[in-house]
Amino acid sequence: MTSTSTTSTRTGKALTGLYIEIQYRTLVQHAWATAVEVIGFITESQPKFQQGDKRFERAMALASEVLSRAHEGQKGPCPELVDRDLVAGFLAAEKEINLLATLRSLNAADKTVSAKRNAILIFSEGRPLEVKSYRDATEALANLFELEKQMPDRDIVLVRADTTDEIRLAFRNYFSDARDFIRLIEDGCARLSKAKNILDVYKTKNVVRRARRK
C-alpha cells in the first residue's frame, strides 16, 4: 500500500507530499520473505528479482505454495500440483541447492560466534556457511588475508566487536534469522504429507523411491 505523507510540524513540512510504502504481511509471509532476503545476501542469486540461479526461484516458489496451503488454507503460485507432488518437488529442489542446510548453518553460526568476539564468515553458493572464530583480533585479521588468497572465489567477511551483544548485532546486519521459515516449511511439509514430522516425510519418500526401483 502506498500513501502520501502529511504533517503540520515545522520540521516535517518539507516531507509533505512524499510517498511512503507500507507492507502488510502475515507471520508466515514474513518468514518466507525473510528467507528470500537471506538467500539474496549469502548467494549470488536474487530470487526476489528473478535474477541468478533459477533453482532458488523454483525452490522458493514451491516453498510459498507449501506455506500457503499448510498454514493459510489457500493456494499460491503452483495451484496445479497435488500435495504429494508439491512436497516431493520442494524437498528435491531444496536438496539440490542445500537450502535448508545453509539456512540452519546461519543459526548455528550465531551460537558459535557468540562465545568469541572475532569471526570470519565464508560464504559459498550451494554450501552451508563456514565460520571460523577467534578470541584475538590480530589472529583473525591475519587469517582473513590468508583465506582470501586461498579462496578467491568465495565471499569472506570478518566480523569483529568488543562485546558479545555487539557481535550478535553485527550478525543481524549481515543476515536475518530464518528459523521461523525452517520451522514453518518443515511443519508444512509434514502436514501436507499427513506425517507426524519432517523426518517421517523423508522416510516415506525414501520408501517410495526404493519401491519404484524394484
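Please verify whether the stretch 96-108 includes one or more residues that are without any contact (Cβ under 8 Å) to a residue 60 or more places away in the chain, assigned to a helix (DSSP H, G or I) and β-branched (Val, Ile, Thr). Yes, the stretch 96-108 contains at least one residue that is without any contact (Cβ under 8 Å) to a residue 60 or more places away in the chain, assigned to a helix (DSSP H, G or I) and β-branched (Val, Ile, Thr). Just one of the numbered conditions (1) in contact with a Ser or Thr (Cβ under 6 Å, 6 or more places away or on another chain); (2) without any contact (Cβ under 8 Å) to a residue 24 or more places away in the chain; (3) assigned to a helix (DSSP H, G or I); (4) not basic (Lys, Arg) is not true of THR34: (2). The set of residues in the stretch 8-29 being under 27 Å from ASP85 (Cβ atoms) and not aliphatic (A, V, I, L, M) consists of THR26, GLN29. Among the residues making up the stretch 37-51, those that are surrounded by 11 or more Cβ atoms within 10 Å (Cβ to Cβ) and not in a helix (DSSP H, G or I) are THR43, GLU44, SER45, GLN46, GLN51. Counting the residues of the stretch 52-72 that are buried (at least 20 other Cβ atoms within 10 Å of the Cβ) and farther than 25 Å from LYS194 by Cα gives 2. Could you say which residue among GLU130, GLU125 is under 22 Å from the mean Cα position of the chain (by Cα), at pLDDT below 65, on the phi < 0 side of the Ramachandran plot and not assigned by TED's automatic domain parsing to the domain that holds VAL82? Just a single option satisfies the conditions, and that option is GLU125. Among the residues making up the stretch 133-157, those that are at pLDDT below 85, farther than 23 Å from SER45 by Cβ and charged (D, E, K, R) are ARG135, ASP136. Considering the stretch 184-196, and only residues there that are of a type outside the set (Asp, Glu) and in contact (Cβ under 8 Å) with a residue 24 or more places away in the chain, the residue that is surrounded by the fewest Cβ atoms within 10 Å (Cβ to Cβ) turns out to be ARG191. Within 12 Å of the chain's Cα centre (by Cα), modelled with pLDDT of 95 or more, outside the structural domain of ASP153 (by TED's automatic domain parsing) and of a type outside the set (Asp, Glu): does that describe ALA33? Here the answer is no, as ALA33 does not meet what is asked.
Looking across the stretch 73-108, just one residue is touching a Pro at 6+ places or on another chain (Cβ under 9 Å), surrounded by fewer than 16 Cβ atoms within 10 Å (Cβ to Cβ) and within 16 Å of ILE39 (Cα to Cα), and that is ALA101.
The values are calculated or read from the model by the stated rules, or taken from the named source; none is laboratory data. Since the structure is predicted, the reported quantities are computational estimates derived from the model, not experimental observations. Glycine also receives a Cβ, built like all others from the backbone with ideal geometry; neighbour counts cover every protein chain displayed.
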